Amino acid sequence: VKKANIRIEYISSFYKNIEIDTLFLGEIQIRALDISDKKVWYAGSEGQYGFCDLETKKQYKALVVHDTIFPHFRGIASTDNAVFLMSIATPGLLYKVEKETRNIRIVYKNEDPSCFFNGIHFWDDTQGIVAGDFIDGCLGVWITTNSGNDWERIPCDQLPLTSADEAEVILNEIIAAH
């Protein structure tokens, strides 16, 4: 196993030194990271997800297969008790991984061919949001108010009127903010 340990001197008003260390090596495209409970959780290509414990350096690696699909993950978010993995493409899949037991289950599935999730965020342990591409003439926005166990799409008539181009800009801003 190849390991990189690079030290970079960087002068700014905030950082004096930055140390870079390799946490993951392997055949994966990591597309989403979340740091919680001294663990770096990751989600990536072909159904791969897991974490590295920052204190012990131990790793947990897992693989998700839905029917014959190895989902490509693009987003990850966490609460105190769970980590959520968001896939791209159709079907749009949202998984909940229990941190303590590591049990995983699908909590939302969208078969619409236009469904493409872009970002996920929780602002507390019960309330979260998923933002997706333009569907049926409006933004694709889903919310949960019960710790991610159930997700509901916000109806178009409850969202601001936008064009597909405006929706793309809005979604990019939402993703960049989180």
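The values are calculated or read from the model by the stated rules, or taken from the named source; none is laboratory data. Quantities reported herein were computed from a predicted structural model and do not represent experimental measurements. With ideal geometry, Cβ positions are generated from the backbone for all residues, glycine too; neighbour counts draw on all protein chains shown. Calculation scope for accessible area: heavy atoms of the full protein, side chains included, ligands and nucleic acids excluded. Shrake-Rupley method; radii C 1.70, N 1.55, O 1.52, S 1.80 Å.
For the reader, a short list of remarks on this structure follows.
- The set of residues from the stretch 52-73 being closer than 27 Å to CYS115 by Cα, out of contact with any Phe, Trp or Tyr (no Cβ under 9 Å at 6 or more places or on another chain) and in a loop (DSSP other than H, G, I, E, B) comprises VAL65, ASP67, THR68, PHE70, HIS72.
- Looking only at the stretch 37-51, and only at residues there that are open to solvent by 30 Å² or more (accessible area, probe 1.4 Å) and in a strand (DSSP E or B), the one that is farthest from TYR108 (Cα to Cα): LYS39
- Checking ALA89, ALA82 one by one, the residue that is in contact (Cβ under 8 Å) with a residue 40 or more places away in the chain and closer than 27 Å to LYS109 by Cβ is ALA82 and no other.
- Screening PRO160 against (1) at pLDDT below 95; (2) of a type outside the set (S, T, N, Q); (3) part of a strand (DSSP E or B) leaves a single unmet condition, (3).
- Filtered by the rule that a residue be in a strand (DSSP E or B), more than 17 Å from LEU33 (Cα to Cα) and of a type outside the set (D, E, K, R), the stretch 108-127 gives TYR108, ASN110.
- Scanning the stretch 67-124 for residues that are in contact with a helix residue (DSSP H, G or I) (Cβ under 6 Å, 6 or more places away or on another chain) and open to solvent by less than 60 Å² (accessible area, probe 1.4 Å) yields PRO71, ASN118, GLY119.
- Within the set GLU152, GLU166, the sole residue that is farther than 22 Å from ALA89 by Cβ, open to solvent by 30 Å² or more (accessible area, probe 1.4 Å) and either modelled with pLDDT of 75 or more or over 15 Å from the mean Cα position of the chain (by Cα) (or both) turns out to be GLU166.
- For the stretch 74-107, a tally of residues being assigned to a loop (DSSP other than H, G, I, E, B), over 18 Å from ILE30 (Cα atoms) and among the aliphatic types (A, V, I, L, M) returns 0.
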